[in-house]
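J.: Have a look at this one before I ask anything.
The values are calculated or read from the model by the stated rules, or taken from the named source; none is laboratory data. Note that the structure is a prediction, hence the values are computed from the model and not measured. Note that each Cβ is placed from the backbone with ideal geometry, even for glycine, and that neighbours are counted across all protein chains shown.
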Amino acid sequence: MVTSFLYRFLLSSAAMPLLAQSLPRHDILRAPAPIVIDGKLDETAWRQAPAASDFHFNWWKEGPKEQTVAKLLWDDENLYVGFYCHDKNISGQVVQRHGPVSRDDCVEAFISPNASKPRNYYGFEINVLGTMLNFIRADWYKGPFNTEPEGVRYRTSFHGLPVKNESPEDDHWILELAIPFKNFVKDAPNTPPRDGDAWRLNLNRAGGRTNAQYSTWSPVSAEKPNFHVPEAFGSVRFVNRPPP
């Protein structure tokens, strides 16, 4: 655990160069063909896209560390995010739009389209049933916390069910997400991105009731579970070539 002084330092602008050296980096390759959003991740582009590095269990105390395989792609219209969640205890109950989805098995993409202003970021939180919560935190945004992004498409393995109870057959679940770049026009230097553009983001996961692990792609040094630490977001670069 970090001391309170160090934690305040990590959230300060003085810590930015230090954090930039230690945070993960990932190249987002270009999808060579349209991606069908069906919750399967079975296109060739998904299979060949490099996975982001392993997730970090920042607040682990006990229980199995069930890993998440996350991949990202892009084209002229959308940023695509795929989560493959290893999970032996899958549960979900929240069906209300903008409801407390992180109480269920849930994954999140926190995206900062301007690498020099990580505190301007957009949230996409989706539970195993396909219930989504959205928000914007930005210096220019004066509206309500919850927002309605335009044109977002997504599917989960249990999309649309009224409830998902744990089962002995549970093994994994998937989220496939397409976010139009037009949602980031107020912050992104270019929409769509140009080859070599760098953004900041973090990919997060909450583990539900039985094994409520909290894990993140980019490590977070906070005393208690907290995904809202934009200074800890990792770096991604848009590369204008398809997966090999």
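J.: Determine whether Gly151 is outside any loop (DSSP other than H, G, I, E, B) and without any contact (Cβ under 8 Å) to a residue 40 or more places away in the chain.
T.: no
J.: Could you go through segment 151-161 and let me know if any residue there is within 20 Å of Asp87 (Cα to Cα) and modelled with pLDDT under 95.
T.: Checking segment 151-161: not a single residue is within 20 Å of Asp87 (Cα to Cα) and modelled with pLDDT under 95.
J.: Every residue in segment 230-244 that is over 19 Å from Asp54 (Cβ atoms) and under 13 Å from the mean Cα position of the chain (by Cα), please.
T.: Answer for segment 230-244, where residues must be over 19 Å from Asp54 (Cβ atoms) and under 13 Å from the mean Cα position of the chain (by Cα): just Pro230.
J.: Could we say that Thr191 is of a type in the set (Ser, Thr, Tyr), more than 17 Å from Lys40 (Cα to Cα) and in contact with a Phe, Trp or Tyr (Cβ under 8 Å, 6 or more places away or on another chain) here?
T.: When the stated conditions are applied, Thr191 passes them.
J.: Here's another thing I want to ask about it. Got a sec? Which strands (runs of 3 or more DSSP E) wholly within segment 165-231 have at least 1 residues that are surrounded by fewer than 17 Cβ atoms within 10 Å (Cβ to Cβ), out of contact with any Leu (no Cβ under 7 Å at 6 or more places or on another chain) and among the small types (Gly, Ala, Ser)?
T.: 198-207
J.: So in segment 72-95, with the set limited to residues that are of a type in the set (Ser, Thr, Tyr) and either closer than 17 Å to Asn165 by Cβ or surrounded by fewer than 23 Cβ atoms within 10 Å (Cβ to Cβ) (or both), which one is nearest to the chain's Cα centre (by Cα)?
T.: Tyr84
J.: Quick test of your reading of the structure: Phe145 fulfils all but one of (1) modelled with pLDDT of 95 or more; (2) in contact with a strand residue (DSSP E or B) (Cβ under 8 Å, 6 or more places away or on another chain). Name the failing condition by number.
T.: (1)
J.: I've got another one for you. What about Lys40, is it among the basic types (Lys, Arg) and under 18 Å from Val236 (Cβ atoms)?
T.: No, not satisfied.
J.: Return only the number of the condition from (1) among the aliphatic types (A, V, I, L, M); (2) more than 14 Å from the chain's Cα centre (by Cα); (3) buried (at least 22 other Cβ atoms within 10 Å of the Cβ) that Ile126 does not satisfy.
T.: Result: Ile126 passes all but (2).
J.: Could you grab me the full set of residues in segment 96-118 that are part of a strand (DSSP E or B), under 13 Å from the mean Cα position of the chain (by Cα) and not β-branched (Val, Ile, Thr)?
T.: Within segment 96-118, Cys106, Glu108, Ala109, Phe110, Ser112 qualify.
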